[in-house]
Each structure stands twice: as C-alpha cells, then as structure tokens.
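Colleague: Sending over a structure as structure tokens; questions will come in a sec.
The values are calculated or read from the model by the stated rules, or taken from the named source; none is laboratory data. This one's a predicted model, so the numbers in the text were calculated from it and none came from an experiment. Cβ placement follows ideal geometry from the backbone for every residue including glycine, while neighbour counts extend to all protein chains displayed. Ligands, DNA and RNA are stripped out before the accessible areas are found, and what is left, the full protein with its side chains, is counted by its heavy atoms. Shrake-Rupley method; radii C 1.70, N 1.55, O 1.52, S 1.80 Å.
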Amino acid sequence: DQQVKQNSPSLSVQEGRISILNCDYTNSMFDYFLWYKKYPAEGPTFLISISSIKDKNEDGRFTVFLNKSAKHLSLHIVPSQPGDSAVYFCAASFFWTNTGNQFYFGTGTSLTVIP
Amino acid sequence: GAGVSQSPRYKVAKRGQDVALRCDPISGHVSLFWYQQALGQGPEFLTYFQNEAQLDKSGLPSDRFFAERPEGSVSTLKIQRTQQEDSAVYLCASAGTGGNQPQHFGDGTRLSIL
C-alpha cells in the first residue's frame, strides 16, 4: 500500500507565480520528510527537508510546510521559474538505528512553468 | 567525481540472462541504498547497507535479486535469470552518518529485458 501519496500527477504555473505541490502520508511514525526534484534521464536531486519537530523550513525560493495532524506536507516555490519544470517527489522516513532510514516516495508531480 | 556514480547507464538483456549493476557512492558515505523505479512511479526501496553489512533486504522482490558491498564502498546489484517485469530504472543512493540525512542519488541504470 502507498504510504506517501501525491494526488496531482501534473501542475502548470505561469512564470513568476507560486507553485504549490502537495503530499499526503498515512504513517504517523514518519519523522523526516523531503522533496526531490527530477529531470528526465537523471536521478532525483535533493531539494529541501523538514523534521517532524518543525512545521516550516525555508531555503531561498523553496519552502516546505508540514501539518502533522493532517498528515500533509506541501512545497511552495515562489517565484516559479522555467528551470523549475521537472518532476517533484516527496519522500518520508522514520529512523531505525539498526536498519537505517529507507525513504518512502510518492508517485511524483510533474511541474511545468510556463514562460 | 563528487556524486554517486552508477554504471552502466543503460542495459539491455534477454530474458533469462544475469545482469550486474554497479554503484560507486559518495566518498565517506557509510549508508548505501538501492531503489527500483518503475515507469510513472516513485522509487521503491530494495536494500540497505551500512558499510559492508547488509542490514535490510526486505524490499528485494525475489531471491533472484542479490546485492553486495564487500569493502564498504562500491556496491553491486545482481539480478539472475532476468524476467520482463525486472525492466525498470535502478537507483543507488548514499548518505552520511548521523541522524536524519538526505540521500543523494545517482542517475540510475535503465534496465530493459527483452
């Protein structure tokens, strides 16, 4: 069963506007959340992360919001740029000291920023 | 290089052949992960190494899949008697020590089984 869900397969936004990508999860034990960006024929590139003890983390144009009660996180990109066009994956994990922290990924949202 | 390196980038094999996929992690990263990504899906966990120890192989889909990391650096994922459903992108990721750490991915190996 899919523990991390991205219900919007695609999103189109005008350049300069805000892009909001959403992600829901089912396992309340997750304590670390990340967003990855992926261009075609390349591996996912780490973008931003947030620990469950926070509800917001900001890095330049990228902000991740975490709502633990709703089991929901979102990525805001503002202002959006054409180079942001890519597939965005959210991921979640819980850290077990003896087995590491495998990531559980959503199915991705393809963002297109229109010039 | 500074990133995770995977080879080959593309591999085509006939059904029933064995294949070996290589991952060279970021220098000094003790944690190494293998993921399988099917078309239109997110990466799915296969197995995890801490140094040379394989601590979790719960995601390997069958006993035809085998991974090793004998010296705690380079890792190889081997698939024996390949089947068409093995066609996917195989991603390797490495991470540093400490608490929650982002995993850094290679560009993957795209495996096609004919």
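Colleague: With solvent modelled as a 1.4 Å probe, how much accessible area in total do chains A and B shield from it at their shared surface, in Å² to the nearest 100?
Modeller: Between A and B, the summed buried area is about 1800 Å².
Colleague: Take the Cα gyration tensor of the protein assembly as shown, multiply each eigenvalue by 5, square-root it, and list the three semi-axes largest first, rounded to whole angstrom.
Modeller: Taking √(5λ) for each Cα gyration eigenvalue gives 30, 20, 16 Å.
Colleague: Inside 10 Å of the C-beta atoms of B:103-111, what's the mean count of C-beta atoms belonging to other chains?
Modeller: 4
Colleague: Additional query: Show the residues, 5+ positions off or on another chain, whose built amide H is closer than 5 Å to the amide H of B:GLN17.
Modeller: HN-HN under 5 Å from B:GLN17: B:THR82.
Colleague: What are the principal axis extents of the Cα atoms in the stretch B:1-50, in Å, biggest first?
Modeller: Principal extents (Cα only, largest first): 36, 22, 19 Å.
Colleague: List the residues of the stretch B:8-43 for which accessible area in the full set of protein chains is at least 50 Å² lower than for the chain on its own; 1.4 Å probe, protein heavy atoms only.
Modeller: By number: B:PRO43.
Colleague: Another one. How much accessible area does A:PHE46 have with a 1.4 Å probe, in Å² rounded to the nearest 10?
Modeller: 60
Colleague: I need the Debye-formula profile for chain B: one equal scatterer per C-alpha, no solvent, reported as log10 I(q)/I(0) at q = 0.16, 0.17, 0.18, 0.20 1/Å, two decimals.
Modeller: -0.67, -0.75, -0.84, -1.04
Colleague: Go through the stretch B:1-92 and name the GluC sites (Glu not before Pro) that are in a DSSP coil and have 10 or fewer other Cβ atoms within 10 Å of their Cβ. Don't skip to the answer; put the middle values down first.
Modeller: Numbers: sites: B:GLU44, B:GLU52, B:GLU68, B:GLU71, B:GLU85; in loops: B:GLU52, B:GLU71.
Taking the stretch B:1-92 and a limit of 10 other Cβ atoms within 10 Å, the loop GluC sites (Glu not before Pro) found are B:GLU71.
Colleague: Taking only Cα atoms of the stretch B:63-114, what ratio of Rg to Rh do you get with Rh as the Kirkwood inverse-distance radius? Kindly include the intermediate steps, with their values, before the conclusion.
Modeller: On the way: Rg = 13.5 Å, Rh = 12.9 Å.
With Rh from the inverse mean 1/r over Cα pairs, Rg/Rh is 1.04.
Colleague: As a test of reading the structure, rank A:VAL78, A:VAL4 by solvent-accessible area (1.4 Å probe, protein chains only), most first.
Modeller: The ordering from most to least exposed comes out as A:VAL78, A:VAL4.
Colleague: Next question. Given q = 0.23 Å⁻¹, what are the Debye log10 I(q)/I(0) values for the stretch A:4-114, with equal point scatterers placed on the Cα positions and solvent ignored?
Modeller: Treating every Cα as an identical point scatterer, log10 I(q)/I(0) equals -1.32.
Colleague: Roll a 1.4 angstrom probe over the protein heavy atoms and tell me the percent of accessible area of chain A that is carbon or sulfur. Walk me through the intermediate numbers first.
Modeller: Numbers: 2810 of 5500 Å².
Percent of accessible area from carbon and sulfur atoms in chain A: 51.
Colleague: Between B:THR97 and B:ALA2, 0.36 nm times their residue separation minus their Cα-Cα distance comes to what?
Modeller: Values: separation 95, 0.36 × 95 = 34.20 nm, distance 1.70 nm.
Stretched out fully, the B:THR97 to B:ALA2 stretch lengthens by 32.5 nm.
Colleague: Write down the Kirkwood hydrodynamic radius of the stretch A:28-83, to one decimal in angstroms, obtained as one divided by the mean of 1/r over all alpha carbon pairs.
Modeller: With all distinct Cα pairs of the stretch A:28-83 included, I get 12.3 Å.
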